[in-house]
Each structure stands twice: as C-alpha cells, then as structure tokens.
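A short write-up of the structure that comes next.
The values are calculated or read from the model by the stated rules, or taken from the named source; none is laboratory data. These figures come from a predicted structure and were not determined experimentally. For the accessible areas, the whole protein counts, side chains as well, though only heavy atoms, and no ligand, DNA or RNA atoms are used. Shrake-Rupley method; radii C 1.70, N 1.55, O 1.52, S 1.80 Å.
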Amino acid sequence: MADDQFAGRGQQNAVWYSQPGKNLTFSLSLNPTFLPVVDQFMLNMMICNALRSALCTVTSENILFKWPNDLYFKGKKLGGILIENMLAGSKYKVAIVGIGINVNQLEFSGLLADRAVSLGQILQQDVNLIQLLAEICSQIESGYLKLRSNTYSDLRERYLEGLYQFNEIARYRQGNAVFEAKLIDVTKQGQLVLEKHGQPFYYNFKEIEFLTTTP
C-alpha cells in the first residue's frame, strides 16, 4: 500500500495521479494457478465485483465499472484496476492486482477536474481508508475462494449488472470512425461485444474508445 504514490501506472503505461494520504493505492499478489490462462478475465470480473460490493458498504450510490477495468460514478472515473499476469508456460504463476480508488481527495487538477470523482465528493464526508481497505480485501478474498472452488455461479451475471452503459445505446470511436452501438455483452475472454445494425461486433482492449462528449 502506498500513502504517497508518485509513479502510479494504468493500462498501457497511462499515468495514475493520487494526492498523498487521501486515497487508496495498493497491490495484491494472488496465485491463481487453478485458473486456466484462457480464463484469466474471470479474475478481472471477480475483482470488479468485489470492489463494487465493498464500495456499496459506504455509499448507496450506483457505482459501475467501465470495461475493462475502471470504476465509474455518473460518467466520471472513481478508480482503476491493473492486473499484471506472470505465466510459467501455459499456466499461471502469479497475478499482481494493482488498485487505485479516489477516496478523500476533493480537488483534481487539469483535465482530471472534469473526469475524476472521489467518494469524499460523492458523500460530502471523509471515509476511513483502513476500514475501506479491509472491506475490499475481505470481498476480494471471498470472491477468490469462490473462483478457486468453482462455486462462483453468478460471476458473469453480477459483472454485467454493474457494467457501465450495459444495454444502452452510446457513442464509440474506433480509429477515426465514430458510431452508435449497444453494449450487449462481454465474452469469457474479455472481449467487448457491441451491437450495430442488429449484428454483434467484438473488440479487444484498446480497440474501442467510449465517447461521453461531443467530438
């Protein structure tokens, strides 16, 4: 856990900024050797579900996660997840789960001013960082044990329930093309499924961009 994070990373070397002593920035080391490598997105879904459940203990507001790994509240980023998998051949060796959540930071500078939000802003009060961390770890442990025992029967259902823009028509960008589509699914391997003109189209990470403002 970092109290003052100065080199935080997101997906594809994006930078994560955090005000010292105000937020949760931590990493967990997991050993999901029981999970086939082709099913590694199940770990992502479990972490997302666990974070959403933990945050629901401090707020009744609807916290969602934007595919594949961002926590969102009313179109603004509340947190992010970065899972780095280390493999031994075709098997899991270890998974490092990095998590950053805006908790008590009330001001964001530059472009983040309109794009980021914190629990403190949502609740208009401070949240106990250690208690929230304990709840998150408890929820992750519970989900992890279900994965390991193959008893997480509603994993995907819960993930889709908390998915940002699920079953909604929204605007996206692929390359230079902007289009409208409905988010209808996420595959077991983690591909985003959008419906355009009645047909499903499949997208891998970084192939598609969510648009929330007029281009």
Inset, instruction - Leaving ligands, DNA and RNA out of it, report the carbon-plus-sulfur percent of the accessible area of the chain at a 1.4 Å probe. - result: 47
Inset, instruction - Give the label of the value calculated from the structure for Rg/Rh (Cα atoms, Kirkwood Rh), choosing from (1) 1.00; (2) 1.06; (3) 0.95. - result: (3)
Legend entry - Sequence-distant lysines (8 or more away, or on other chains) whose Cα lies within less than 29 Å of Lys22: Lys66, Lys74, Lys76, Lys77
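Calculated from DSSP H runs of 4 or more alone, at -39500 (n - 2.57) each and per residue, what is the 222 nm mean residue ellipticity of the chain, nearest 500? Kindly include the intermediate steps, with their values, before the conclusion.
Values: 4 runs with 47 residues, N = 215.
The per-residue figure over the chain is -6500 deg cm²/dmol.
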Inset, instruction - Go ahead and set up a Gaussian network model of the chain, Cα springs under 10 Å, then flag whichever of Ile47, Ile83, Ile96 fluctuates most. - result: Ile96
Inset, instruction - Give the accessible surface of segment 54-131 per residue, rounded to a whole number of Å², with probe radius 1.4 Å and ligands, DNA and RNA excluded. - result: 50
Legend entry - GNM top mover of Gln189, Gln124, Gln199 - the chain, alpha-carbon springs below 10 Å: Gln199
Legend entry - Spatially proximal aspartates and glutamates relative to Lys182 (Cα-Cα < 13 Å; intrachain offsets below 8 disregarded): Glu168, Glu195
Inset, instruction - Treating the Cα atoms of segment 11-125 as identical point scatterers in vacuum, please give the log10 of the normalised Debye intensity I(q)/I(0) at q = 0.16 Å⁻¹, two decimals. - result: -0.77
Inset, instruction - For the chain, set up a Gaussian network in which alpha carbons nearer than 10 Å are linked by springs, and say which option among Ala181, Ala134, Ala54 fluctuates the most. - result: Ala134
